[in-house]
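Report on the structure given below.
The values are calculated or read from the model by the stated rules, or taken from the named source; none is laboratory data. Not measured: the values here are computed from a predicted model. All Cβ positions, even for glycine, are placed from backbone atoms using ideal geometry, and neighbour counts span all protein chains on display. Just the protein is used for accessible areas: all its heavy atoms, side chains included, with ligands, DNA and RNA removed. Shrake-Rupley method; radii C 1.70, N 1.55, O 1.52, S 1.80 Å.
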Amino acid sequence: MIRLVGVGKTYDDGTVAVQELDLDVPRGRTVCLVGPSGCGKSTTLKMVNRLIEPTQGRIFLDGEEITRADPVALRRRIGYVIQQVGLFPHQSIRTNVATVPSLLGWDRKKAHARADELMDLVGLDPAQYGGRYPHQLSGGQRQRVGVARALAADPPVLLMDEPFGAVDPIVRSRLQDEFARIARDLDKTVMFVTHDIDEAIRMGDKVAVFAVGGRLAQYDEPATLLGR
Ligand code: ADP
Ligand code: ADP
């Protein structure tokens, strides 16, 4: 589904963030990218999302090289959730989630119905939370909104960059389980960045272990990593 071939990224200031990266993310599976801070995980995700361009190698989505794909079409195929999702502060949660359906040209009523459906999906009761504003939600709830928004256009691919990294441990553990279920039920292909090996092992069908210098050190199933 997603294939990186010989991908490298050297930033303009000479920082080598990723080197000689070959990675295959199978359809409908979750691959966790794990490793210490600064080893190129976010850079990898941003290249797949075309927020930045690789300096070496090629990236394919469904066999198509992403540099050739129409950027607007690409956005609809890829949902993106970051550590601190940015919500529009003066809009209700329902309106925040309805942004993408509205951009897709849906009328207000239909966009709001879709927003409610998405809120349900991520465990936020639309009747209770739809009319609230971002500052009235907890960090974990805001991340749920981020996931709902990323799912709005029903993209086959989700890129998650430490989505639960700033959430307290008990809530994080619930979010991990719930998101894993959502990804499985909706058959999403997921690249999930974390610096937490436990999270990677829990969430990933496969785990890509990055080493300092932006090289892939290991790419295996969790059971293999655990030596089972
Ligand atoms: P990770 O997600 O694993 O923490 P990153 O991909 O964010 O790692 O960063 C990899 C390396 O690239 C780090 O050394 C980081 O400082 C550097 N880096 C990230 N973004 C930039 C940038 N825009 N310009 C220069 N260097 C960068
Ligand atoms: P924000 O609400 O602050 O924009 P997001 O988590 O939605 O936060 O995304 C961070 C940024 O990344 C946004 O500015 C968004 O435009 C951009 N972005 C990059 N790729 C995508 C994508 N595939 N889908 C949606 N937004 C994307």
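State which residue is surrounded by the fewest Cβ atoms within 10 Å (Cβ to Cβ) when the search covers only region 101-139 and only residues that are farther than 18 Å from LEU186 by Cα and among the aliphatic types (A, V, I, L, M). Taking the candidates together, the pick is ALA127. Taking (1) among the aliphatic types (A, V, I, L, M); (2) surrounded by fewer than 19 Cβ atoms within 10 Å (Cβ to Cβ); (3) not in a strand (DSSP E or B) in turn, VAL5 satisfies each apart from (3). Apart from one condition, ARG50 fits all of (1) away from ligand 1 (no atom under 16 Å from the Cβ); (2) on the phi > 0 side of the Ramachandran plot; (3) not small (Gly, Ala, Ser); the exception is (1).
Applying the set (1) open to solvent by less than 80 Å² (accessible area, probe 1.4 Å); (2) within 16 Å of ligand 1 (Cβ to nearest atom); (3) at positive phi; (4) out of contact with any Asp or Glu (no Cβ under 9 Å at 6 or more places or on another chain) to GLY57 leaves exactly one unmet item: (4).
Taking the numbered list (1) open to solvent by 70 Å² or more (accessible area, probe 1.4 Å); (2) in contact with a strand residue (DSSP E or B) (Cβ under 6 Å, 6 or more places away or on another chain); (3) within 16 Å of ligand 2 (Cβ to nearest atom); (4) of a type in the set (S, T, N, Q) in turn, SER42 passes all entries but (1).
Please indicate, with yes or no, whether at least one residue in region 65-80 is open to solvent by less than 50 Å² (accessible area, probe 1.4 Å), within 15 Å of ligand 1 (Cβ to nearest atom) and within 25 Å of GLY213 (Cα to Cα). No - not one qualifying residue is present in region 65-80. Could you tell me which numbered condition VAL97 fails, if it satisfies all but one of (1) in a loop (DSSP other than H, G, I, E, B); (2) open to solvent by less than 70 Å² (accessible area, probe 1.4 Å)? Just one mismatch for VAL97, condition (1). Within the set ASP187, ASP161, the sole residue that is within 16 Å of ligand 2 (Cβ to nearest atom) and modelled with pLDDT of 95 or more turns out to be ASP161. Restricting the search to region 109-144, which residues are without any contact (Cβ under 8 Å) to a residue 24 or more places away in the chain and part of a helix (DSSP H, G or I)? Passing the criteria: LYS109, LYS110, ALA111, HIS112, ALA113, ASP116, GLU117, ASP120, ALA127, GLN128, GLN136, GLN141. With respect to ASP22, determine if the residue is in contact with a Lys or Arg (Cβ under 9 Å, 6 or more places away or on another chain), surrounded by 13 or more Cβ atoms within 10 Å (Cβ to Cβ) and acidic (Asp, Glu). No, not satisfied. Test each condition in (1) within 17 Å of GLY35 (Cβ to Cβ); (2) at pLDDT below 95 for ASP154 and report the one that comes out false. It fails just one condition, (1).
Where strands (runs of 3 or more DSSP E) fall wholly inside region 11-74, the ranges with 2 or more residues that are touching a residue at least 60 places away in the same chain (Cβ under 8 Å) are 16-25, 30-34. Is it the case that LEU159 is within 22 Å of the chain's Cα centre (by Cα) and within 16 Å of ligand 1 (Cβ to nearest atom)? Judged against the criteria, LEU159 is a match.
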